[in-house]
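A.B. asks: Supplied in C-alpha cells, the structure appears directly below.
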Amino acid sequence: MSEATLDLVAVGNALVDVLSRVDDAFLDDQCAKYGMQRDAMTLIDEKRAVELYLQMPEKIETSGGSAANTMAGFASFGGKGAFIGKVADDALGKTFKTDMKKIGVHHTTQPLIAGPPTGRCMILVSPDGHRTMNTFLGASVELSPTDIDRNLITSAKITYLEGYLFDRELAKKAFITAAEYAHEAGHRVALTLSDPFCVDRHRHDFLTLVQNHVDILFANEEEIKSLYLQDNFEDAKSAVGDHCEIAVLTRSEKGAVIVSKGKEFAIPAAPVKQVVDTTGAGDQFAAGFLFGFTHGRSLEESAKLGALAAAEVISHIGPRPQISLRSLMAA
C-alpha cells in the first residue's frame, strides 16, 4: 500500500450552480412545458439553459457540482483534498478554479480549449425547500481517462466518484481508470449514485461498477431502490450488503442507515429549525462521513458528522456550507 498524502480526491462534474426560489405555479408551468422532473435532475442543452436563466428570478450563482460541493464541505471540516473535473477555458471556468483554490481544494485538471462552455446547473427551489435541477453539462462531460492524474489518485486515502458524471462513455472509462489506480495503491473507492433517473439510465453499468470497483457506496432511498429494482427500502438495503464494504443510505428526515459487513445501524437526522433548500444535502452528508472515516472515526461517528453537515446546508440557500463545519464537531 502506498502512503497517502491526501485524505480525499473527488472526480465529478465541474459546474456553476444558479439557484432561484420559485413558487409552485412557476415550477408546475416549467414541468408541463419542458418535461423536467420535479425534485430531480433533468439534462438540458445550452439553448434551454440560456432561456431558463433569463426566466429565473433573484438568482444566486456559486461554483458547484455534486462532488465539488462535497469537497467544499470536506475542506470546511479540515480535510485535505483535491478535485478532478473539466471546465472550459472561459470566464466561468476561471471562476470555478478560483473558488476551489479559495476553499483549499487542489484543482489542476487542464481546461477544455475548444468545445462547449463550462457547464452550469439551474436549480429551482420550491416553497417546501426541495430542488428541481436542470443541468447543462457543457465542458464537464469531456472528462476522459487522460484527465485522471494517477499520482493524485494514488496519493489519496479515498477516491470519490460522482454518479452524475456517468452519462458519457468516456466518463465511465475515467471512473474505471480512477478506481484501478486507487486499488493498485491499496486505497478505497467511494461512489455516490447521485440521482434515481441517472441510475435508471445506467443501471447495468452502475451495478457492475458497484460490485467490482466500489468499497463505499452513497445513495438515498430512491436511488438504492432504483439500483436494485425494488419497491421498498428494506429489500434494497438487503441487496446492497453483498456488493460493497460499506453502504451509506440516506433517508431525508428519517436519518440514515449504514450497512457494513453484515451489520447495520441507523442514525437520526440532525435537528434543523427550518428546511430552506435541500440542494447539497446528500453532498454534505458525504463530506461529513468521509471526513470522519478518513480521520479514524467509527462508522457511527462519521455518519453523525454527515448528518450535522446536511442539517447545516439545508438551513440556507446554496449547496455549500456557510459556516466552518469544523466548528460543529465541538458543538
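Since every read-out is calculated from the coordinates, none of them should be taken as a lab result. Keep in mind the model is a prediction, meaning the values are calculated, not measured. So basically every Cβ, Gly included, is an ideal-geometry build from the backbone, and we count neighbours across all protein chains shown.
A.B. asks: Tell me the trypsin sites (Lys or Arg not before Pro) within the stretch 250-331 that lie in a loop according to DSSP and have at most 12 other beta-carbon atoms within 10 Å.
C.D. replies: Values: sites: 251, 254, 261, 263, 273, 297, 304, 326; in loops: 251, 261, 273, 297.
Here the trypsin sites (Lys or Arg not before Pro) that fit, given the DSSP loop and packing criteria, are 261, 273.
A.B. asks: Find out how many positive minus negative residues lie around residue 284, taking Lys and Arg as positive, Asp and Glu as negative, among other residues whose Cβ is under 9 Å from that of residue 284. It would help to have the intermediate numbers written out before the result.
C.D. replies: Working: positive: 320; negative: 283, 312.
For residues surrounding residue 284, the net value is -1.
A.B. asks: Moving on. At 0.36 nm per residue, and after removing the present C-alpha to C-alpha distance, how many nm does the segment from residue 184 to residue 39 gain when stretched out fully?
C.D. replies: Values: separation 145, 0.36 × 145 = 52.20 nm, distance 3.84 nm.
Length difference between fully extended and current span is 48.4 nm.
A.B. asks: Step through the residues of the stretch 285-297 one at a time and calculate ³J(HN,Hα) from phi using the Karplus curve (6.51 cos²θ - 1.76 cosθ + 1.60, θ = phi - 60°), rounding each to whole Hz and writing x for Gly and Pro.
C.D. replies: 3J(HN,Hα) across the stretch 285-297, in whole Hz: 4, 4, 4, x, 4, 5, 5, x, 5, 6, 10, x, 7.
A.B. asks: When only C-alpha pairs under 8 Å and at least 6 residues apart count, what is the relative contact order of the chain, in percent?
C.D. replies: Numbers: 757 pairs, mean separation 62.1, N = 331.
About 19 percent, as a whole number.
A.B. asks: Using r as the Cβ-Cβ distance of residue 234 and residue 176, and R0 as 41 Å, what FRET efficiency do you calculate, to the nearest 0.05?
C.D. replies: 0.85
A.B. asks: Starting at the first residue of the stretch 169-183, write each ³J(HN,Hα) from the Karplus equation 6.51 cos²θ - 1.76 cosθ + 1.60 with θ = phi - 60°, in whole Hz, x for Gly and Pro.
C.D. replies: Once rounded to whole Hz, the list reads 4, 4, 5, 4, 5, 5, 4, 4, 4, 4, 5, 5, 4, 5, 6.
A.B. asks: Sticking with this structure for a sec: Which of rounded, prolate or oblate describes the chain when judged by the alpha-carbon gyration tensor and an a/c cut-off of 1.5?
C.D. replies: Note, shape of the chain comes out rounded.
A.B. asks: What are the residues whose amide H is under 5 Å from the amide H of residue 160, where those residues sit 5 or more places off or on another chain and H is modelled from the backbone?
C.D. replies: So residue 160 has HN proximity to 9, 10, 11, 190.
A.B. asks: Here's a follow-up. I want the antiparallel fraction of DSSP beta bridges within the chain, as a percent rounded to 5. The partial results should precede the final answer.
C.D. replies: Numbers: 22 of 56 bridges.
Among the beta bridges of the chain, antiparallel pairing accounts for roughly 40 percent.
A.B. asks: Further question: Place the peptides 226-232, 150-156, 309-315 in order of packing, highest mean first, counting for every residue the other Cβ atoms within 10 Å and averaging per peptide. Could you put the intermediate results ahead of the total?
C.D. replies: Numbers: 226-232: 14.9, 150-156: 19.0, 309-315: 24.4.
Put in order of decreasing packing, that is 309-315, 150-156, 226-232.
A.B. asks: Next question, about the same structure. Mind running the shape call on the stretch 65-198? Use the C-alpha gyration tensor, a ≥ b ≥ c as the square roots of the eigenvalues: rounded below 1.5 for a/c, prolate if a/b tops b/c, oblate otherwise.
C.D. replies: Rounded.
A.B. asks: How many percent of DSSP beta bridges within the stretch 29-184 run antiparallel, rounded to 5? Let's see the in-between values first.
C.D. replies: On the way: 7 of 12 bridges.
DSSP beta bridges in the stretch 29-184 are roughly 60 percent antiparallel.
A.B. asks: Report ³J(HN,Hα) in whole Hz for each residue of the stretch 67-83, in order, from the Karplus equation J = 6.51 cos²θ - 1.76 cosθ + 1.60 where θ = phi - 60°; Gly and Pro get x.
C.D. replies: Residue by residue, the stretch 67-83 yields 5, 5, 5, 4, 5, 4, x, 4, 5, 5, 6, x, x, 9, x, 9, 9 Hz.
A.B. asks: Using modelled backbone amide H atoms (1.01 Å from N, in-plane), which distant-in-sequence or interchain residues come within less than 5 Å of residue 112's amide H?
C.D. replies: Amide H to amide H, under 5 Å and 5 or more residues apart or across chains, residue 112 pairs with 87, 88, 89.
A.B. asks: Per 0.36 nm of contour for each residue apart, how much would the distance between residue 207 and residue 28 grow if the chain were fully extended, relative to their Cα-Cα spacing? Before the final figure, lay out each step's value.
C.D. replies: Details: separation 179, 0.36 × 179 = 64.44 nm, distance 3.35 nm.
My answer for the length gained is 61.1 nm.
A.B. asks: Let me ask you something else. How would you classify the stretch 218-331 from its alpha-carbon gyration tensor, with a ≥ b ≥ c the square roots of the eigenvalues: rounded for a/c under 1.5, else prolate if a/b is greater than b/c, otherwise oblate? Don't skip to the end; give the middle numbers.
C.D. replies: Working: a/c = 2.31, a/b = 1.44, b/c = 1.61.
Oblate shape, in that a/c is at least 1.5 and b/c is the bigger or equal ratio.
A.B. asks: From Cα pairs below 8 angstrom and at least 6 apart in sequence, can you work out the relative contact order of the stretch 125-215, rounded to a whole percent? Intermediate results must be reported in sequence, preceding the final value.
C.D. replies: Details: 105 pairs, mean separation 26.0, N = 91.
Taking the mean separation of contacting Cα pairs over the length of the stretch 125-215, I get 29 percent.
A.B. asks: Restricting to DSSP H runs of at least four residues, report the calculated mean residue ellipticity at 222 nm for the chain, -39500 (n - 2.57) per run over all residues, nearest 500 deg cm²/dmol. Provide the component values of the computation, followed by the final result.
C.D. replies: Working: 13 runs with 131 residues, N = 331.
Only helices count here, giving -11500 deg cm²/dmol.
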